Amino acid sequence: MGPSLTPARTPWWANAVIYQIYPRSFQDSDGDGVGDLPGVTRRLEHVRWLGADAVWLSPFYPSPMADGGYDVSDYTDVDPRYGSLADFDRMLRRAHEVGLRVIVDLVANHTSIEHPWFRDHPDWYVWSDDVPGNNWVAAFGGPAWSFDSRRGRWYLHSFYPEQPDLDWRNPEVVAAMHGVVRFWRNRGVDGFRIDAADRLGKDPELRDDPPATAPPAFPENEQYAKLAHGHSKGNPSVKAALQAMRDAAGDAFLVGEAYVPAADYERYLGPVDVMFAFELLWAEWNVTALRRAIERALEQGGVAWATSNHDVPRAATRLGPNRARTAALLLLTLPGPAFVYQGEEIGMRDGDPADPPLDRAGRDGARHPMQWEPDPLGGFTTGRPWLPLSDPLQTSVAGQRGDPNSMLALYRRLIALRREMKGRLEWLESPEETLSFRRGRHRILLNLSTDPLELPAGNAVVVRTDGQDGATLPPDSGAILA
Ligand code: BGC
Ligand code: MG
């Protein structure tokens, strides 16, 4: 066959801004202190106003909540805390009406230990008879094997012991997950985020992971980081598992989540459209590291950008307020889908963990309720929030809406501008410790140095993160010129 004469259509997600909703913390609608789907529906207006193209919802399925919902006990229903399937349908319909696509989370590697499958289909999981099967360590620390006293055997869990790993080499597992994907596709969802995608391929012989010979690419649990994870994840069989989900998903958007550097994307891309660029999220704040992270991801030709999510400290906490603004400018000027985690658009900082912490891996800080209004309950709930509000009096959507220099105004402006930002990224020469690239007619400039940077003459300044209008750009800030 000769080349096709019709040019390939650009898919909707190619340059999309996708807003991540953590349903438990977004908007409560019934006063029980827990966010819910009717709450999401009510706040879609905000997402639309911000200018995003889609929402990704973290899991809202029935769950004992050992891992904030990433321990699913029924893939085809809604947890009663969050509402019902009818609430989901209403949310989806409303989203589509206002022009937002909807992506849901597919937790394919493991179920909750309370999922009926664990009881009724033990052969869908990974077991070892007498002793733990090998030396693998769970991502949050501790051995990756736990003893099931009912069966007198050890089961594998890449994450918490309440999350037994499915055995993707069993065709019945593949068929079951195919059914899950079809279920949500038939309801009308537009895409899936495949959780822990790298875990779907494991060494078939369950060989030990060798000791680590280098520090991990990203922050990791200390015990977990002592091993190199060549056998516990990333086995080439992962492609077939992902292809099975692609077959079920049709042309839906698939974004893979694997906590791996860009050099590994190759194992996942193809069946999956894009992979999250964790290298950028964790890049040190200097020219070499940022540029390398961007280049490496772009070279792989299938990248989704994010500067934060529900698993990591928030950008304002990691980087401080000025750099967080500049990181937003960078995020929203890169080619490829960009994910914005709820609350980042108002520069929310991490809150204090619950005492004792709710998440054993220390991720409470990034999961505090969304701050809509400058009042003590932040407009999030009328009841007792499941995790206290952090600083709604200082930081809220309503508090920033009228302020042209707010983080919220900056995000909205950047998202609007992104629509005009077509074409590839071309690096430009710029003074030391500054970063500059072109996207079509726009030139992006980041000052990472400790000195003010002279803005090039003859260009109009379209956006600047520092909110000033002088001829120089202060340290830690960025600008878009045209
Ligand atoms: C999710 C985490 C979750 C883990 C296990 C991740 O990558 O983002 O929140 O704990 O997968 O499902
Ligand atoms: Mg509620």
Please enumerate the residues belonging to the stretch 199-218 that are part of a loop (DSSP other than H, G, I, E, B), surrounded by fewer than 13 Cβ atoms within 10 Å (Cβ to Cβ) and in contact with a helix residue (DSSP H, G or I) (Cβ under 8 Å, 6 or more places away or on another chain).
Pro215
On the basis of being within 16 Å of ligand 2 (Cβ to nearest atom), among the aromatic types (Phe, Trp, Tyr) and under 23 Å from Ala175 (Cα atoms), does Tyr82 make the cut?
no
Pairs please, first residue from the stretch 387-413 and free of Cβ contacts under 8 Å to residues at least 40 places away in the same chain, second anywhere and surrounded by fewer than 16 Cβ atoms within 10 Å (Cβ to Cβ), Cβ atoms under 6 Å, 6+ apart in sequence or on different chains.
Ala398/Glu373
Residue satisfying condition, being of a type outside the set (Gly, Ala, Ser), surrounded by fewer than 24 Cβ atoms within 10 Å (Cβ to Cβ) and more than 19 Å from Leu106 (Cβ to Cβ), within set Arg325, Arg291, Arg267
Arg291
At negative phi and surrounded by fewer than 17 Cβ atoms within 10 Å (Cβ to Cβ): which single residue out of Pro335, Pro369, Pro356 fits that description?
Pro356
Residues that are among the charged types (D, E, K, R), buried (at least 18 other Cβ atoms within 10 Å of the Cβ) and touching a helix residue (DSSP H, G or I) at 6+ places or on another chain (Cβ under 9 Å), drawn from the stretch 151-166:
Asp165
Report, ordered by the first and then the second residue, all pairs with beta carbons closer than 6 Å, sequence separation of six or more or different chains, a first member in the stretch 95-117 that is of a type in the set (D, E, K, R), and a second member that is outside any helix (DSSP H, G or I) and within 16 Å of ligand 2 (Cβ to nearest atom).
Asp105/Ser58; Asp105/Pro59
Just checking, does the stretch 53-68 include any residue being within 14 Å of ligand 2 (Cβ to nearest atom), touching a residue at least 12 places away in the same chain (Cβ under 8 Å) and touching a Gly at 6+ places or on another chain (Cβ under 9 Å)?
yes
So, in the stretch 27-48, of the ones that are among the small types (Gly, Ala, Ser) and closer than 23 Å to Glu97 by Cβ, which residue ends up farthest from ligand 1 (Cβ to nearest atom)?
Ser29
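Values in this text are rule-based calculations from the coordinates and carry no lab data. Being a predicted model, the structure only gives us computed values, none of them experimental. Using ideal geometry, Cβ is built from the backbone for each residue, glycine included, and neighbour counts are taken over all protein chains shown.
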